[in-house]
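Note sheet for the following structure.
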Amino acid sequence: MASALAPASEALATPAVLVAQDAAAWDDLPGWRALLQRHESLFAPWVEGGAIGLVERAVADAGAGRMLVWVRMGGATQVQWRDYRGFADCGVAVLFVAQPGALAAVHARLHDNALGQMKLQLRQGGMLLYVLVAKAQLLDEGFEDFLESLGLAFMGACR
Amino acid sequence: MSENANPMAAGPNPALRRLFEPAQWGKLKTRNRIKYGSCCISNYNNRDGTHTIREFARTQVIAGTGCGIITNQGAYPDPLGEGKGYFRQVAIHDDSAIPGFEKIAGYIHEAGAIAVQQILHAGRYGGIDLGYCLQPSIVPQTLPHFRPPREITKEQIKVTIRQHADAARRALRAGFDATEITSFMGYLLATFNSKFTNRRTDEYGGSVRNRGRFMCELIDAIKQVQGDAPLVVRLNGNELMDQWGGNTEDECFELMQLAAEHGVDMISVTVGWQEAPESSIGRDVSPGYWNRLAARAKQLLPNTIIAFGNRLPDPRMAAECIEKGEFDFWEVCRPMLADPELVHKAQAGKMHLVRRCIGSLNCLSRLFRDLPYTCTRNPELGHEYDPAYQITPAVMPKKIMVIGAGPSGMECAITAKRRGHDVVVFERGPAIGGALAGYAKNDLANSDDLLSVVDYYRNMAEALNIEVRCNTTLDLKAMRSMLHQFDVAVIATGARVDGLLLPECTQPGLLVDAIELATGKVEAGARVVVLGGGKIGLTLAESLKRNHGREVTIVETEKRIAGDVMPSFKWRHTAWIEELGIPTHTGAKILAIGEGGVKFRDAQGQEQFLPADTVVAAVARRPNQELFHELEWMIDEVHGCGDALVPRGLTQAIHDGFRLGARI
């Protein structure tokens, strides 16, 4: 599989270091918040309460655990934890599932090109995105710009 | 004049002997080992699933391709449309459809081929007119285009199997010799077979044997109604979904074994799911890359007929594979969208005159916009019924000058010549190809594909005896010397970067035009800033970084890069940019060029300076239209085509040129 651990500098890191980097990435709520603020134009069109979720692969497989949520509230994009209990009724429009190391790779570019790295992770299979609402709802609720910025055309991708 | 009359062409190609030998398929005899695959839905039919004149005309062309077996495109088998995956897909859920299918089977038989009807329930990609799709389990979509899933019940499984069997019965009644079901890329059968979408806990889920139960029941039911008429099943040799819980390659082959045990008469080996994170058929996959999957299938199942053709566009390679025993039938479709004469040309030893599929995936890009498929290389595709697209003898042969030997000019010249006009092409540069020749050399995907377009035009010009005068600039003086020698001028002079969109460069030699760099007229310095993140800027930036080791930055005024790139290829460019680590500044305004670099205002309103040894102008282009005015009073008819009308892309250039050539 294409590596989910993009930065070459991390290629020699031990498993323990990778786990720690992953944990740090998931827990850095202020860092994610700052990223979302810098890209405000992508999130401003989201409806109030519009949200996307991120979970680790193990959580998605287990169907339970915690979910990092980016949610539009009070005119800003907030970052928070919510319980994840499977696809049904998880309260987000789109769910990103990250292989081990994938979110750390995005986090490593937090001050540089994190969304570009997220796009690369999606393309290389480090992250997978599930669409949990109909396309029309995604459009109505203002997600188009954000998803397009991740290279997800609103169409099939047979390639 | 037909290109088949080309005296330079060789005779039958002995290297293709195996491909063209007759073969036995059960009780059926085929004239060769080529199967026209059902690779694409045309989207030419009515919204209610009934056939159109357009479809019939297209099918007549398919019938005439010379393939031994022809698979008609997939028809959905259920009246509700849960299996309908495409906007104008044809239906086979009712006996009233039989006359339409009779016509199609008739065309195929008249042309001497075996007729196979594919039954296609799109499953995860179905329900296009409904608010949902059917799947074995609720696994949400990964692409926004498709419908949210509903879990299929056991009762619905039984009904669906019966619908497939009924559809097979109708196909045979209509005269088809065989049927085909497909477990390709996320269709219903694939979703049962794959662990990615089948998470059931009943007898249809769990082990490979359980997941394959639906397939086995389907095969049994269809074979029961078909008797000894053959059944084909398309099965993935690799889903390319394993990292996300899909089947491993080994599991794919276990499923093939299962299908063989249930007596399928042919396995068509395919590759990839629609939503897989990896290419399977695009231009960035080298021809022959997936052959090993067919070889593995044949080794595993020596007594089962194996068909294969994924990213295998060349008959010479296919013949070699058959010779080596890697598969039995070359299954091909997309290359014959590009050139329906492919088989005939190959057989006659005229491969140099084949219009090669370049994997631009224009066909698929359009399908997922709910549009009829068309082909970059073949302007006639989908217009076979339309008199405006027929190449008919010219009522009054004319003397035509075509100015510009790019794809649009050459397509026009070839079409006009075939109609009996006398054509001379004038080209300012040293060779045929125009801007395409330069950009093709920089294409990271597969420059050979794009260069084949240039080769084709060169070969056709030679075959049709079209005079091409290179290194000839047509200006007023030159025109005056040729006054009254031509009846028609076709201006196919392309486009150039619109310098007015950029501030004046204050440092001589710093700013270069993209085309000059692409054609090697100038060389880039160590630090390069590319102004423009469309296909031209991206192609050059990627090549400069990967092939020449330059430090490259892209500055784009739009919100996103790749705005003018084909939808199915956009992701490839954006991924390359990330992989190569090329910084991009979008939403930028260029303020100054000179003093050793580029000054611009970024999307946040901050001024930035990028030092550069070379700045490449790859911003929007404007058409080269000066000759329209200059020639107006010098020649009877003046026409334009391609970028000289509106700068767009290769598809539009070729199609413009053809349409003009067909009507002059």
In the range A:26-105, which GluC sites (Glu not before Pro) fall in coil by DSSP and have 13 or fewer other Cβ atoms within 10 Å?
-> A:Glu48
Within the set B:Lys35/B:Lys298; B:Lys417/B:Lys521; A:Lys119/B:Lys535; B:Lys441/B:Lys521, which residue pairs have Cα atoms separated by over 23 Å?
-> B:Lys417/B:Lys521
Tally Lys/Arg at +1 and Asp/Glu at -1 over every other residue whose Cβ is under 12 Å from the Cβ of B:Val264; what's the total?
-> -2
Long-range amide H partners of A:Tyr84 with built H, under 5 Å | A:Gly65, A:Arg66, A:Met67
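Work out the length of the dipole vector of the protein assembly as shown about its Cα centre, built from +1 on the beta-carbon of each Lys and Arg and -1 on the beta-carbon of each Asp and Glu, and round it to the nearest 20 debye.
On the way: 87 positive and 94 negative charges, 215 e Å.
In debye, rounded to 20, the protein assembly as shown gives about 1040.
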Using the alpha-carbon atoms, what tilt in degrees (0 to 90, nearest 10) does helix B:154-173 show relative to the longest principal axis of chain B?
-> 80
Which ³J(HN,Hα) values in Hz, rounded to whole numbers, follow from the phi angles of the range A:66-77 under the Karplus curve 6.51 cos²θ - 1.76 cosθ + 1.60, where θ = phi - 60° and Gly and Pro get x?
-> 10, 10, 7, 10, 9, 9, 8, 9, x, x, 9, 9
Report, to the nearest 10°, how far helix B:447-463 tilts away from the longest principal axis of the Cα atoms in chain B, using its own Cα long axis and a range of 0 to 90°.
-> 80
What is the set of long-range amide H partners of B:Thr376 at a cut-off below 5 Å, with H atoms built 1.01 Å from backbone N?
-> B:Asn362, B:Cys363
Of all DSSP beta bridges in the protein assembly as shown, what percent run antiparallel (nearest 5)?
-> 35
Cut-off 10 Å between beta-carbons: net charge of the residues surrounding B:Gly438, Lys and Arg +1, Asp and Glu -1 = +1
Using +1 at the Cβ of each Lys and Arg and -1 at the Cβ of each Asp and Glu in the range B:450-560, identify which of B:Val490, B:Met479, B:Val530 lies farthest towards the dipole's positive end.
-> B:Val530
Simple label model, 7 Å out from Cα along Cβ direction - B:Asp613 to B:Asp448, nm = 3.2
Karplus 3J(HN,Hα) series, Hz, for the range B:371-382 with 6.51 cos²θ - 1.76 cosθ + 1.60 (x for Gly, Pro) = 10, x, 6, 9, 10, 4, 7, 10, x, 6, 4, x
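What percent antiparallel are the DSSP beta bridges of chain A, to the nearest 5? The partial results should precede the final answer.
On the way: 18 of 23 bridges.
Bridges in chain A are about 80 percent antiparallel.
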Charge tally for neighbours of B:Ala174 with beta carbon under 11 Å away, counting Lys, Arg as +1 and Asp, Glu as -1, is +1
Treating cross-link reach as a plain straight distance, find the aspartates and glutamates whose alpha-carbon is under 18 Å from the alpha-carbon of B:Lys154, omitting any fewer than eight places away in the same chain.
-> B:Asp78, B:Glu82, B:Asp202, B:Glu203, B:Glu217, B:Asp220
Shielding of B:569-580 by partner chains, average beta-carbon count, 10 Å = 4
Dipole magnitude (debye, nearest 20) for the range B:554-662, charges at Cβ of Lys, Arg, Asp, Glu | 500
Across the Cα atoms of chain B, what radius of gyration and what greatest pairwise Cα-Cα distance (Dmax) are found, in Å?
-> 26.7, 84
Most exposed first, judged by fewest Cβ atoms within 10 angstrom, B:Thr160, B:Thr614, B:Thr473, B:Thr557 run B:Thr473, B:Thr557, B:Thr614, B:Thr160
Which whole-Hz ³J(HN,Hα) couplings does the range B:517-528 yield from phi under the Karplus relation 6.51 cos²θ - 1.76 cosθ + 1.60, θ = phi - 60°, glycine and proline marked x?
-> 6, 4, 8, x, 5, 10, 10, 7, x, 5, 10, 10
In the structure shown, of B:Lys29/B:Lys350; B:Lys399/B:Lys477; B:Lys84/B:Lys345, the pairs separated by more than 31 angstrom at the C-alpha atoms are B:Lys84/B:Lys345
Across chain B, where is the longest run that never hits GluC sites (Glu not before Pro) in a DSSP loop with at most 15 other C-beta atoms within 10 Å?
-> B:204-503
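Mind checking A:85-94 for the average number of partner chain beta-carbons within 10 Å of each residue's beta-carbon? Please report the intermediate quantities before stating the final value.
Numbers: counts 0, 1, 4, 2, 0, 1, 0, 0, 1, 3.
For peptide A:85-94, the averaged partner shielding equals 1.
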Which lysines, on any chain, are close to B:Lys599 with Cα under 22 Å apart, when same-chain ones fewer than 8 places away are left out?
-> B:Lys545, B:Lys559, B:Lys589
B:Lys223: which lysines have alpha carbons under 16 Å from its alpha carbon, excluding same-chain residues fewer than 8 sequence positions away?
-> B:Lys27, B:Lys158
Can you tell which of B:Met634, B:Ala653, B:Ala562 lies farthest toward the positive end of the dipole of the range B:554-660, using +1 and -1 charges on the Cβ of basic and acidic side chains (Lys, Arg; Asp, Glu)?
-> B:Ala562
Amide H neighbours of B:Glu239 at under 5 Å, excluding residues fewer than 5 places away on the same chain, with H built from the backbone geometry, are B:Gly272
Using unit Cβ charges (K, R positive; D, E negative) and no other charged atoms, how large, in debye to the nearest 20, is the dipole of the range B:386-538 about its Cα centre?
-> 400
Compute the long axis of helix A:114-124 from its Cα atoms, compare it with the longest principal axis of the Cα atoms of chain A, and write down the angle in degrees, 0 to 90, nearest 10.
-> 80
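When every alpha-carbon pair in the range A:1-132 is counted, what percent end up more than 24 Å apart? Write out the running numbers ahead of the final one.
Working: 2134 of 8646 pairs.
Above the 24 Å cut-off, the range A:1-132 has 25 percent of its Cα pairs.
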Positive-end residue, chain B charge dipole about Cα centroid, Cβ charges, pick of B:Ile267, B:Asn446, B:Pro430 | B:Ile267
Sorted from fewest to most neighbouring beta carbons within 10 Å, what does the list B:Tyr204, B:Tyr132, B:Tyr125, B:Tyr187 look like?
-> B:Tyr132, B:Tyr204, B:Tyr187, B:Tyr125
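Read-outs throughout are calculated quantities, based only on the coordinates presented, and are distinct from any laboratory measurement. What you see is a predicted model, and the numbers here were worked out from it, not measured in a lab. Please note: Cβ atoms are built from the backbone with ideal geometry, for glycine as well, and neighbour counts cover all protein chains shown.
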